[in-house]
Amino acid sequence: MFCVGATKSGTSWLFDYLADHPECHVRSIKELHYFDTLESKAFRQQLVVQRNQMARLRDRLGVAKGAQHRRAADKMQDVLDWHKVLKERAENTANYLGYLTWGMDRHSLVADVTPAYALLPIKRLKQMARLSKETRFIYVMRDPVARLWSHVRMLSRRVCDSADALASTCNVMMERVLQGQKSSMTERGDYEGAIRRLNAAVDPAKLLIMFMEELLTPAGVARVCAFLNIDYKAANFAQPVHVGVSVAMSPEHRDRARAYLRPQYEFVARHFSDLPENWRRNMGEARL
């Protein structure tokens, strides 16, 4: 199974849910970035990411004890194995699948949860869809304004020197987005583009497109399990994953974001009749 996005739309929560499911074999690295690395040839960048992860894990292994030490050791093994795949700096689907399935035992599902795959061209998505007879894709959408603001907060936190400066950093970054200077961030929320590519590449019976607002409910989890042909397992909705620091968006930026993102609201509304309430509210309040 591929979960291909969207960014900041519950994909980490879904990754953790599947990793804890008895029928799923999910190795501990979320966002392998294998297929987008093949497209961009940015192997060096991905190798650096994994080497940095190794360094952090070595530090953790030096002080961790008991269950924490075992988890860190397992993660280190996953990182070392994935580093070997990337070191080839070439396409090798057999090694990619070998990494995913190592230790699979009797599990029925393996998964690669990488939101960046939503930006891949149709030809690459078609290749991914042919990896097995039962390859399936999940694409999760979140209210466009909420998704964008969460993305802004995440990236601002990475570059911000202090918590005190976070709000101003978020506002500066949001202003740049609304002026069209940060297209990479809005591309991650381009539901229209992603859905058109996925529809062109994937058998409709093997593609699940859903709202994050639905995913984080018992009914949504049941829908995912049925789609993946695994037994329903109750989820812990009280355990948020990667929730950013709370920073309020200014009313001006909220109004402008609604208008800026209105094409996304309108596209989704044309193709999905049962919009969540927060989508309807933001779409209705957008000022043209």
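When you scan the stretch 242-252, do you find a residue that is under 16 Å from ARG142 (Cβ atoms), modelled with pLDDT of 95 or more and either in contact with an Asp or Glu (Cβ under 6 Å, 6 or more places away or on another chain) or not in a loop (DSSP other than H, G, I, E, B) (or both), even just one?
no
Please go through the stretch 128-156 and give me each residue that is within 30 Å of THR93 (Cβ to Cβ) and free of Cβ contacts under 8 Å to residues at least 40 places away in the same chain, ordered by number.
ARG130, LEU131, SER132, LYS133
Does GLY180 satisfy the condition of being assigned to a loop (DSSP other than H, G, I, E, B) and over 18 Å from the mean Cα position of the chain (by Cα)?
Judged against the criteria, GLY180 is a match.
Give me the pairs: first residue in the stretch 264-285 and closer than 16 Å to VAL140 by Cα, second residue outside any helix (DSSP H, G or I) and small (Gly, Ala, Ser), beta-carbon distance under 8 Å, and six or more apart or on different chains, which are they?
GLN264/GLY189; TYR265/ALA286
Residues GLN46, GLN50: which one is farther than 20 Å from VAL140 by Cα, polar (S, T, N, Q), touching a Leu at 6+ places or on another chain (Cβ under 6 Å) and at pLDDT 95 or above?
GLN46
With the condition kept exactly as written, say whether any residue in the stretch 187-206 is over 29 Å from VAL110 (Cβ atoms), free of Cβ contacts under 8 Å to residues at least 12 places away in the same chain and charged (D, E, K, R).
no
Taking the condition of being assigned to a loop (DSSP other than H, G, I, E, B), under 18 Å from the mean Cα position of the chain (by Cα) and more than 25 Å from ARG281 (Cβ to Cβ), how many residues in the stretch 124-156 meet it?
2
In the stretch 157-176, which residues are crowded, with 18+ Cβ neighbours inside 10 Å and free of Cβ contacts under 8 Å to residues at least 40 places away in the same chain?
Within the stretch 157-176, CYS160, THR169, MET173 qualify.
Every residue in the stretch 88-123 that is in contact with a Cys (Cβ under 9 Å, 6 or more places away or on another chain) and in a helix (DSSP H, G or I), please.
PRO115, TYR117, listed by residue number.
Quick one: how many residues across the stretch 124-154 are within 13 Å of MET249 (Cβ to Cβ) and among the polar types (S, T, N, Q)?
1
For the stretch 40-78, what are the residues that are closer than 20 Å to TYR117 by Cβ and among the hydrophobic types (A, V, I, L, M, F, W, C)?
ALA42, PHE43, LEU47, VAL49
Could you list, in sequence order, all residues of the stretch 177-205 that are loosely packed, with under 13 Cβ neighbours inside 10 Å and at negative phi?
Result: GLN179, GLN181, SER183, SER184, ALA200, ASP203, PRO204, ALA205.
Taking THR169, is it among the hydroxyl-bearing types (Ser, Thr, Tyr), assigned to a helix (DSSP H, G or I) and in contact with a helix residue (DSSP H, G or I) (Cβ under 6 Å, 6 or more places away or on another chain)?
When the stated conditions are applied, THR169 passes them.
Listed here are the residues, each with its yes/no results for (1) modelled with pLDDT of 95 or more; (2) surrounded by 14 or more Cβ atoms within 10 Å (Cβ to Cβ).
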{"site": "LEU61", "(1), (2)": "yes, yes"}
{"site": "HIS83", "(1), (2)": "yes, yes"}
{"site": "PRO115", "(1), (2)": "yes, yes"}
{"site": "LYS123", "(1), (2)": "yes, no"}
{"site": "GLU134", "(1), (2)": "no, no"}
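Being in contact with a strand residue (DSSP E or B) (Cβ under 6 Å, 6 or more places away or on another chain) and assigned to a helix (DSSP H, G or I) is the filter here; which residues of the stretch 199-227 pass it?
The answer is MET212, LEU215, PHE227.
Listed here are the residues, each with its yes/no results for (1) in a loop (DSSP other than H, G, I, E, B); (2) buried (at least 20 other Cβ atoms within 10 Å of the Cβ); (3) among the hydrophobic types (A, V, I, L, M, F, W, C).
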{"site": "ALA6", "(1), (2), (3)": "yes, yes, yes"}
{"site": "TRP13", "(1), (2), (3)": "no, yes, yes"}
{"site": "LEU18", "(1), (2), (3)": "no, yes, yes"}
{"site": "LYS30", "(1), (2), (3)": "yes, yes, no"}
{"site": "VAL49", "(1), (2), (3)": "no, no, yes"}
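So, in the stretch 206-236, exactly how many residues are farther than 23 Å from LEU275 by Cβ, among the aliphatic types (A, V, I, L, M) and surrounded by fewer than 18 Cβ atoms within 10 Å (Cβ to Cβ)?
Looking only at that region, the number is 1.
The values are calculated or read from the model by the stated rules, or taken from the named source; none is laboratory data. This one's a predicted model, so the numbers in the text were calculated from it and none came from an experiment. Methodologically, a virtual Cβ is constructed for each residue, glycine included, from the backbone with ideal geometry; neighbour enumeration extends over all protein chains shown.
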